[in-house]
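Chemist: The structure under discussion is supplied below as structure tokens; questions concerning it will follow.
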Amino acid sequence: HRCPQKNAMSLEKNFSEVFSIPESSVVDSLALSDIPAWDSLAHMILIVRLEDAYRIQFTGDEIADIKSVGDARSALRAHGAAL
């Protein structure tokens with residue numbers, strides 16, 4: 001398993017910055033349908049940022065299955081990311 005970079009931004013911080021929402025609102029239950037800015041482009045920006053931050057690579061299926069903060073957290077954990 002690869003470890004995150006020491007200066008890796010938190011999952012919450014990445015969601016906050018990509019979707020321009022308060023970091024405090026980033027909870028596992030927050031879903032694609034709750035965030036108007038969560039379109040296909042923003043989704044890929046998020047994926048790339050998470051892959052870079054945690055030094056992992058998601059599969060196409062994993063990328064398609066990430067529809068909430070909790071989904072992203074689970075996918076990262078499946079790759080051994082320390083969250």
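Chemist: Below 8 Å between Cα atoms, with a sequence gap of 6+, how large is the relative contact order for the chain in percent?
Modeler: In percent, rounded to a whole number, it is 44.
Chemist: Mean Kyte-Doolittle hydropathy of 0.0 or higher plus an axial Cα length of 20 Å or more: which whole DSSP H helices in the chain meet both?
Modeler: Taking the DSSP H segments of the chain (at least 20 Å long, mean hydropathy at least 0.0), we get 40-54.
Chemist: Probe of 1.4 angstrom, ligands and nucleic acids ignored: what's the accessible area per residue over the chain, in square angstrom?
Modeler: Per residue, the chain has an accessible area of 58 Å².
Chemist: According to the Kirkwood expression over distinct Cα-Cα pairs, how big is the hydrodynamic radius of the chain, in Å?
Modeler: 12.6
Chemist: Using a simple spin-label model with points 7 Å from Cα along the Cα→Cβ vector, what separation in nm is obtained for Asp34 and Ser74?
Modeler: Here the modelled spin labels are 1.5 nm apart.
Chemist: I want to check the label-to-label distance for Glu17 and Ala64. Put each point 7 Å from Cα in the C-beta direction and report it in nm to one decimal.
Modeler: For Glu17 paired with Ala64, the spin-label model returns 2.9 nm.
The values are calculated or read from the model by the stated rules, or taken from the named source; none is laboratory data. Please read these numbers as outputs of a predicted model, since none were measured by experiment. When we count neighbours, we look across all protein chains shown, and the Cβ atoms used for this are built from the backbone with ideal geometry, even at glycine. Accessible surface is based on the protein model in full, side chains and every heavy atom, while ligands, DNA and RNA are left aside. Shrake-Rupley method; radii C 1.70, N 1.55, O 1.52, S 1.80 Å.
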